[in-house]
Amino acid sequence: MSTLEMICSYVEEGRVQEAKAATAKALAEGTDPTVILNKGLIAGLDIIGEKFGKQEAFVPELITAAMAMKESLELLRPIFERSDTANMGTLVIGTVEGDVHDVGKNIVAMMFQGCGFKVFDLGVDVSTAKFVAAVKENKADILALSALYTPTRLAMKETLKALSDAGIREKVKVMVGGAPIDQAFCDLIKADGYAPDAAKAVQLGKTWL
């Protein structure tokens, strides 16, 4: 079994320390961090996610897999932050108010960093006012809004309204994503785009610049 396959398996099984150790091993072997992210960590989380959707896995397994993913991501974060790729644009990202989930949001943020974007991650449970202030202060090209709970996705609509009220809606592209989000909801709230996963989020972001 290759190191990437080990990472994938450990994340799927929720083996936090083993996943972190295998990630460190892959880095020591010289594996590209983006490959580790996509072929190891995300691949493992995708497998458990598919099993969860088929009721072959349950919430505890999903939580431990997410923990393994999150701990391993911390080893990659400094590398993406040091990326010397030419700055492609500025992204502000966060999980909307009332929602504290961050695994998916963290993956998107690091994918953008790895592709040369300057990223300002506001964290979780972010108020509309904080989003607006960050877009203004950092002259963001893109604002990425994440939500996992269905009720909290309404905060996305409120954030778009706040951007309009502040007179900056036309100056920033707004991307939405997360489990309860789809293209229909994106169209309903008049966001600029919807991304079902991190890779597609980056692809979409690049088309806007």
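The values are calculated or read from the model by the stated rules, or taken from the named source; none is laboratory data. Keep in mind the model is a prediction, meaning the values are calculated, not measured. Cβ coordinates were reconstructed from backbone atoms using ideal geometry, including for glycine residues, and neighbour counts include every protein chain displayed.
A single member of VAL100, VAL108, VAL35, VAL59 is among the aliphatic types (A, V, I, L, M), surrounded by fewer than 17 Cβ atoms within 10 Å (Cβ to Cβ) and assigned by TED's automatic domain parsing to the domain that holds PHE131, and it is VAL100. Exactly one residue among ALA179, ALA129, ALA184 is assigned by TED's automatic domain parsing to the domain that holds VAL100, surrounded by fewer than 16 Cβ atoms within 10 Å (Cβ to Cβ) and within 16 Å of the chain's Cα centre (by Cα), and that residue is ALA179.
With respect to the conditions (1) charged (D, E, K, R); (2) in a helix (DSSP H, G or I); (3) under 16 Å from the mean Cα position of the chain (by Cα); (4) farther than 19 Å from GLY193 by Cβ, ASP99 lacks only one, and its number is (2). Remark: pairs (first residue in the range 2-16, closer than 13 Å to THR31 by Cα; second residue part of a loop (DSSP other than H, G, I, E, B); Cβ separation under 9 Å; 6+ apart in sequence or on different chains) = THR3/GLU29; THR3/THR31; LEU4/THR31.
Inclusion of LYS70 among residues that are modelled with pLDDT under 90 and among the basic types (Lys, Arg) is warranted.
Note on the range 105-148: among residues that are β-branched (Val, Ile, Thr) and not in a loop (DSSP other than H, G, I, E, B), the one that is nearest to MET69 (Cα to Cα) is ILE107.
Within the range 103-118, residues that are in contact (Cβ under 8 Å) with a residue 40 or more places away in the chain have Cβ atoms under 6 Å from residues that are in a helix (DSSP H, G or I) and among the polar types (S, T, N, Q) in these pairs: GLY114/THR34, counting only partners at least 6 apart in sequence or on another chain.
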